[in-house]
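Trainee: Pasting a structure below so you can have a look.
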Amino acid sequence: MHEFQIKVERIEAVTSDTTNDLVCVTFEVERSPIRFQIPVMLKMKEFDDTEMIQVARHELHRIFVELSAQTVNWTLTVEDLRNLSKLSSRPMT
């Protein structure tokens, strides 16, 4: 299995109003042929520029931990996969 390549694609200031200036750090996640972006929003006043990427990486990790926990019951065993494959109605070529 190949590793995902994760990089910071862009950093943008996002102004929603005068009290909540945000920074959007967008990560690009890629493992061919899969490629997608994940935006991480941070409050600009809470972190200085040197901490921003570290905090955004932490938030990205937290997103994936939550996603993993939320989908854990989707996991199939090898036997489940084998049985589903046997049920396939597609013609064998």
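Trainee: Scan the stretch 11-33 and give yes if some residue there is modelled with pLDDT of 95 or more and acidic (Asp, Glu), otherwise no.
Mentor: Looking through the stretch 11-33, at least one residue is modelled with pLDDT of 95 or more and acidic (Asp, Glu).
Trainee: Filter the stretch 40-89 down to the residues that are more than 23 Å from the chain's Cα centre (by Cα) and either β-branched (Val, Ile, Thr) or closer than 30 Å to residue 11 by Cα (or both) and list them by number.
Mentor: Listed by number, the residues that qualify are 45, 48, 77, 78.
Trainee: Report those strands (runs of 3 or more DSSP E) wholly inside the stretch 2-93 carrying at least 1 residues which are of a type in the set (Ser, Thr, Tyr) and surrounded by 13 or more Cβ atoms within 10 Å (Cβ to Cβ).
Mentor: The strands (runs of 3 or more DSSP E) meeting that bar are 21-31.
Trainee: I'm checking my understanding of the structure. Among residues of the stretch 29-39 that are of a type in the set (Val, Ile, Thr) and within 10 Å of the chain's Cα centre (by Cα), which one is nearest to residue 13 (Cα to Cα)?
Mentor: 38
The values are calculated or read from the model by the stated rules, or taken from the named source; none is laboratory data. Computed from a predicted model, the values in this text were never measured in an experiment. Heads up, the Cβs are rebuilt from the backbone with ideal geometry, glycines too, and the neighbour counts pull from every protein chain shown.
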